[in-house]
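Reading through the structure tokens given below for one structure.
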Amino acid sequence: MLARVFRYGSEFSEPIVLLVSQEHPMHLSAEARWFWPVTPDAELIDWFHQRGPWAQPPGGGALKTHHYLKDATQSEMGIKTRDGSAVELKGLVAATWDILETAPFTGPVELWSKWYSETLTLRPHPTVPVKKQRWLRMFTVEQSVVREIALDESESAQEAMPCAGCTLELTQLWVNDRPAGWTLGLEAFGDIPALALQLKAVATHLSVHCPPKWPDATRNHYPGWLKHQVEN
């Protein structure tokens, strides 16, 4: 099987070597995420939906249920299905791949990889149903200019999907049909050289439009957050 080798090094970590199959390439993303155990301040929700630097309304908003493999022994991989679709595996490659220095998004940037399998099944193992109502915005950087891409209710782009970009999401969560808080996340996608550029450019673009601060939020990721939900 042919493969490509990506190498990435920074002052924050040892060089990372990623082997990527050309037949079934993994999807790479650079992410920063925050969680609230209850509804965040109304100012943040209002900023996301109305008062921000938006050229488009947010996409999404439909309720969807994801079934995660129940595993309280680790917090670095999420394994789930969406409405009976292929099994999705998402694993943490580096906890501090880069650093965001733009307030209020300051902090470490995580590097993640994602794979899909039509063969794997979660049965008969126990799963945790997580209901999500997600609103999504998508941006891409073209010649150093950040541009927002229109999304529909299914979160599909209303133009050709860019090969690199960054999304901003605001999601309300339920676990086992009980309210479980909210999350806000930045997620850049594309090849390794594009990830940091997309993420930092979009964070800078958002920051100059007066986003509210969120000192009550907790930095985490979905596997870490879900481990806490299962333990409690």
Subject >> Residue selected from segment 54-91 under the condition touching a Phe, Trp or Tyr at 6+ places or on another chain (Cβ under 6 Å) and not basic (Lys, Arg), by the criterion modelled with the lowest pLDDT >> reply: ALA86
Subject >> Members of segment 103-122 found to be at pLDDT 95 or above, of a type in the set (Phe, Trp, Tyr) and either part of a strand (DSSP E or B) or on the phi > 0 side of the Ramachandran plot (or both), listed by number >> reply: TRP112
Original post:
Got a number for residues in segment 92-102 being within 15 Å of ARG33 (Cα to Cα), among the hydrophobic types (A, V, I, L, M, F, W, C) and either at pLDDT below 95 or buried (at least 18 other Cβ atoms within 10 Å of the Cβ) (or both)?
Top reply: 4
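Only one residue in ASP216, ASP177, ASP191, ASP152 is under 24 Å from VAL93 (Cβ atoms) and either surrounded by fewer than 20 Cβ atoms within 10 Å (Cβ to Cβ) or of a type outside the set (Val, Ile, Thr) (or both), so which one is that? Reasoning before the result, please.
Values: ASP216 fails: under 24 Å from VAL93 (Cβ atoms); ASP177 fails: under 24 Å from VAL93 (Cβ atoms); ASP152 fails: under 24 Å from VAL93 (Cβ atoms).
On inspection, the qualifying residue turns out to be ASP191.
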Subject >> Residue in segment 191-232 that is farthest from THR171 (Cα to Cα), counting only those that are basic (Lys, Arg) and touching a strand residue (DSSP E or B) at 6+ places or on another chain (Cβ under 9 Å) >> reply: LYS200
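Among residues belonging to segment 198-210 that are aliphatic (A, V, I, L, M) and surrounded by 16 or more Cβ atoms within 10 Å (Cβ to Cβ), point out the one that is nearest to the chain's Cα centre (by Cα).
Filtering segment 198-210 for residues aliphatic (A, V, I, L, M) gives 199, 201-203, 206, 208.
Adding the requirement that they be surrounded by 16 or more Cβ atoms within 10 Å (Cβ to Cβ) leaves 199, 201-203, 206.
Working: LEU199: 11, ALA201: 16, VAL202: 14, ALA203: 14, LEU206: 17 Å.
The qualifying residue nearest to the chain's Cα centre (by Cα) is LEU199.
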**OP:** With the condition kept exactly as written, say whether any residue in segment 77-87 is in contact with a Leu (Cβ under 6 Å, 6 or more places away or on another chain) and free of Cβ contacts under 8 Å to residues at least 40 places away in the same chain.
**Re:** yes
Original post:
Of the residues that make up segment 104-124, is at least one surrounded by 14 or more Cβ atoms within 10 Å (Cβ to Cβ), among the acidic types (Asp, Glu) and closer than 15 Å to ALA201 by Cβ?
Top reply: no
**OP:** Residue by residue through segment 36-53, note down the ones that are surrounded by 16 or more Cβ atoms within 10 Å (Cβ to Cβ), among the hydrophobic types (A, V, I, L, M, F, W, C) and not in a helix (DSSP H, G or I).
**Re:** TRP36
**OP:** Would you mention how many residues in segment 162-183 are out of contact with any Ser or Thr (no Cβ under 8 Å at 6 or more places or on another chain) and among the hydrophobic types (A, V, I, L, M, F, W, C)?
**Re:** 5
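The values are calculated or read from the model by the stated rules, or taken from the named source; none is laboratory data. Please read these numbers as outputs of a predicted model, since none were measured by experiment. When we count neighbours, we look across all protein chains shown, and the Cβ atoms used for this are built from the backbone with ideal geometry, even at glycine.
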